[in-house]
1. Give me the net charge of ARG43's neighbourhood, meaning all other residues with Cβ under 14 Å from the Cβ of ARG43; Lys, Arg count +1, Asp, Glu -1.
2. Counting Lys and Arg as +1 and Asp and Glu as -1, each charge on the Cβ, what is the dipole of the chain about the Cα centre in debye, to the nearest 20?
3. Could you give me the ³J(HN,Hα) list for the stretch 23-30, computed from phi with Karplus coefficients 6.51, -1.76, 1.60 and θ = phi - 60°, whole Hz, x at Gly and Pro?
4. What nm distance separates the two modelled labels at LEU54 and ILE34, each placed 7 Å from Cα along Cα→Cβ?
5. Would you kindly state how much longer the chain becomes between SER13 and LEU62 on full extension, computed as 0.36 nm times their sequence separation minus their alpha carbon distance, in nm to one decimal?
Amino acid sequence: MREADSSGPSMISRTAKRAHDHISASDADPSDRIEYWGTRIGRVLGLVVCTVLLVWLLSSVLQSG
């Protein structure tokens, strides 16, 4: 019998932190306002487009099935 994996919650919290840091552009140079805000806006728009496409795909599949 395998032991329970205790890294589950910490793995989820690490993944959530990485996603938050990516969207909030923590890797961009904060002294360069154009790069910082451009990166942030681009990543948020990418997330919105991805979400809209996913909802469209799901609605399309569920309507035809």
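1. On the way: positive: ARG18, ARG40; negative: ASP21, ASP27, GLU35.
Summing Lys and Arg as +1 and Asp and Glu as -1 gives -1.
2. Numbers: 7 positive and 7 negative charges, 33 e Å.
That gives the chain a dipole magnitude of about 160 debye.
3. These are the phi-based 3J(HN,Hα) values: 5, 7, 6, 6, 8, 7, 6, x Hz.
4. Calculated label separation equals 3.3 nm.
5. Values: separation 49, 0.36 × 49 = 17.64 nm, distance 3.18 nm.
Full extension from SER13 to LEU62 adds 14.5 nm.
Just so you know, all these numbers are worked out from the coordinates, no wet-lab data involved. Remember, predicted model here, so these are calculated numbers, not experimental data. Methodologically, a virtual Cβ is constructed for each residue, glycine included, from the backbone with ideal geometry; neighbour enumeration extends over all protein chains shown.
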